[in-house]
1. Check the straight Cα-Cα distances from LYS70 and name the lysines below 21 Å, setting aside those fewer than 8 residues away within the same chain.
2. Determine the dipole magnitude for the chain: charges of +1 sit on the beta-carbon of Lys and Arg, -1 on that of Asp and Glu, nothing else is charged, the reference point is the Cα centre, and the result goes in debye to the nearest 20.
3. Where a Cα-Cα gap under 12 Å defines reach, which aspartates and glutamates qualify for LYS64, not counting those fewer than 8 residues away within the same chain?
4. Which Cα, out of CYS17, PHE49, PHE67, lies furthest along the positive dipole direction of the chain (beta carbon charges, K/R +1, D/E -1)?
5. Using just the C-alpha positions of the chain as equal point scatterers, what log10 of I(q)/I(0) does the Debye formula give at each q in 0.12, 0.15, 0.18, 0.28 1/Å?
6. Given a 1.4 angstrom probe, what's the average accessible area per residue across the stretch 1-53, in square angstrom?
7. Ignoring ligands, DNA and RNA, what percent of the accessible area of the chain is carbon or sulfur (1.4 Å)?
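The values are calculated or read from the model by the stated rules, or taken from the named source; none is laboratory data. Bear in mind that the values here come from a model prediction, so they are computed numbers and not experimental data. Positions of Cβ are generated from backbone atoms using ideal geometry, with glycine treated the same way; all protein chains shown enter the neighbour counts. When the accessible area is computed, the model is the full protein with side chains, heavy atoms only, and any ligands, DNA or RNA have been set aside. Shrake-Rupley method; radii C 1.70, N 1.55, O 1.52, S 1.80 Å.
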Amino acid sequence: MDKFLSGIPWSLIMVACLTIGLAPFAPPHVWEKLQMLAKGRLVRPLDWFDLFMHGAPWILLILKGLFSLKK
């Protein structure tokens, strides 16, 4: 996992978080999906796919940060 994350540049992850991770920008789609998840209303497969696609850059950012702090 460390080798995979070290191969991804920080700039690419940041751009992905700011574009895919926040799109559409008012309000951020990932925030809406997280609220739906918290309320138990994330039931359609499309909603789960949206959560995964918009949340993946944020997960990569967190993992890369954690692994870089571990070094």
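1. Straight-line reach from LYS70, under 21 Å: LYS3.
2. Using Cβ point charges on Lys, Arg, Asp and Glu, the chain gives about 200 debye.
3. Hits, sequence-local ones excluded: ASP2.
4. Of the listed residues, the answer is PHE67.
5. -0.37, -0.55, -0.72, -1.16
6. Values: 3880 Å² over 53 residues.
Ligands and nucleic acids excluded, the figure is 73 Å² per residue.
7. 77
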